[in-house]
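Written below as structure tokens is the structure these notes are about.
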Amino acid sequence: MGQENFKQMRKAMVVSQLRTTEVSDPHLIAAMSHVPREDFVPAARRNFAYADRGVQIGEDRALNPPLTTGRLLNMARITKADNILLIGAATGYTAAVLAQLAGTVTAVEQNPKLATIAGKNLADYANVKVETGNLAEGWSASAPYSVIVIDGLVEQIPDNVVDQLAPDGRIVAVIPHDGVPRLALGRVASGHVGYQYFADGAGCPLPGFEVARSFEF
């Protein structure tokens, strides 16, 4: 498939997925219109890069649906003044979008193969650093962050990740709530985080955030 076709698919994604929902930030829409998502998925799956569902990227991982990414980043209200922690760099797509919006982006990935791919894909983005580390530990070396983006579905957000937020910081993720995956925005106030579940939404699971299961007899 030619580049012109991918441009048309990207335009269709913006028109039919983003603009028909509450993705209203013009800078975010411009960024998602610009970043070639097809360059961040395996060659065999490029034709599905803009589908309204997750895209498998190997290593038992997938990219979130574009709509999920768009709605999370829209609620985060990112500006050039923001220092961002992206948890789950994967192949680098969301980091590339964030690079258009934020001042600095630290993208952490625990899978060495994906971290290498992300590093190569983001080599031309001067304001993005890709770090290899446990996702559930975040990346404290560059904290505090004004925004933390958890790019996937997680059962819980560990306190040690929340502690890396600056005062008045915000955090976005897909979190199960009442048994349904929901898009969530957390805000820090008086040292505590309160979460607003603002929409149902699909998210691709990230490893390491599972809630410990108790034994039942």
Need the failing condition index for Arg170 against (1) within 19 Å of Trp139 (Cα to Cα); (2) in contact with a Lys or Arg (Cβ under 9 Å, 6 or more places away or on another chain); (3) modelled with pLDDT under 95, just the number. (3)
Determine which member of the set Gly119, Gly138 is under 23 Å from Pro42 (Cβ atoms) and among the small types (Gly, Ala, Ser). Gly119
Does Ala96 fit the bill of being of a type in the set (A, V, I, L, M, F, W, C), on the phi > 0 side of the Ramachandran plot and touching a residue at least 12 places away in the same chain (Cβ under 8 Å)? no
(1) buried (at least 20 other Cβ atoms within 10 Å of the Cβ); (2) among the aliphatic types (A, V, I, L, M); (3) out of contact with any Ser or Thr (no Cβ under 9 Å at 6 or more places or on another chain); (4) more than 26 Å from Ser140 (Cα to Cα): which one isn't true of Leu67, the others all being true? (3)
Hits in region 1-37 - residues which are of a type in the set (Val, Ile, Thr), in contact with a helix residue (DSSP H, G or I) (Cβ under 7 Å, 6 or more places away or on another chain) and part of a loop (DSSP other than H, G, I, E, B): Thr21, Val23, Val35
Answer residue from region 17-39, given it is closer than 23 Å to Gln3 by Cβ and at pLDDT below 95 and is surrounded by the fewest Cβ atoms within 10 Å (Cβ to Cβ) among those: Arg19
Restricting to region 38-56, what's the tally of residues that are under 26 Å from Leu185 (Cβ atoms), among the hydrophobic types (A, V, I, L, M, F, W, C) and in contact with a helix residue (DSSP H, G or I) (Cβ under 7 Å, 6 or more places away or on another chain)? 2
Filtered residue count, region 184-217, keeping only those that are assigned to a loop (DSSP other than H, G, I, E, B) and within 28 Å of Gly54 (Cα to Cα): 12
Under the condition of being part of a loop (DSSP other than H, G, I, E, B), in contact (Cβ under 8 Å) with a residue 24 or more places away in the chain and among the small types (Gly, Ala, Ser), which residue from region 125-183 is surrounded by the most Cβ atoms within 10 Å (Cβ to Cβ)? Gly138
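The values are calculated or read from the model by the stated rules, or taken from the named source; none is laboratory data. Bear in mind the structure is a predicted one, so any value in this text is a computation, not a measurement. For neighbour counting, all protein chains shown are included, and Cβ atoms are generated from backbone atoms with ideal geometry for every residue, glycine included.
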